[in-house]
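K.L.:
The structure follows.
Only the coordinates and a few stated rules stand behind these numbers; no lab work does. From a predicted model like this one, the values you see are computed outputs, not experimental measurements. Neighbour counts are summed over all protein chains in view; Cβ atoms, including those assigned to glycine, are modelled from backbone coordinates with ideal geometry.
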Amino acid sequence: MISPKTWKIIKGKQNELDQLIHQQSQVNWKWCSLANVKRLKLNILVEIGEFANELKTFKIWRKKQHADGEKAQVELIDCLCFFLGLSNLHQINFTSFQYSLLDENQDFNDLLLQFFSQTEKLFILKNEKSYYQEKNIKLSLKQQQTYYDWLNIFSKLMQKLGIDEKKLLEVYLYKNEINQKRLKNLS
């Protein structure tokens, strides 16, 4: 579903953006730290909430149930941005990852609940000292599996929204450019 070439592009762009975020920060903090890992995980949860809000599938009280597909796509990509920051810190490699196909019977609400749940399950090291050795952070295969499981749900949501690899890259690069400009305007 996502080629190694596309992974390399988006992971590299995200790494550049994350470095810029760290450099532009008004607060003195370490990028590779337990506090930042928790911040990234919390941001993923917030973005999933924003994504769900754009889908509107849980809002049974609304007369207009139609979601704005483009806004939903951007919010889903926002989830990916923070996920990439977290997975880059833990040095997770996705180039040989095998994706699951969407079950046609899964609706958005089921997938959203799974997405929230799997984000909560993303493994993070609980000891601050574990993050002091930035280049030597290694998760076990079982711990890495929590990231692969998250990515499977993400890919099912992509399929449900009709996002192919080309569209993923297009929306990601668009969002990355916006985020880069925001940060450069702060300096």
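K.L.:
Can you list the HN-Hα couplings for segment 43-54, worked out from phi with the Karplus curve (6.51, -1.76, 1.60; θ = phi - 60°), rounded to whole Hz and with x for Gly and Pro?
P.N.:
4, 4, 4, 4, 5, 5, x, 5, 4, 4, 5, 6
K.L.:
OK, next. So how compact is segment 64-133: Cα radius of gyration and Dmax in angstrom?
P.N.:
15.6, 51
K.L.:
Percentage of Cα-Cα pair distances in the chain greater than 22 Å, rounded to whole percent?
P.N.:
The proportion of pairs with Cα distances above 22 Å equals 47 percent.
K.L.:
Also, I was wondering about something else. How would you rank 139-148, 40-49, highest first, on the average number of other Cβ atoms within 10 Å across their residues?
P.N.:
40-49, 139-148
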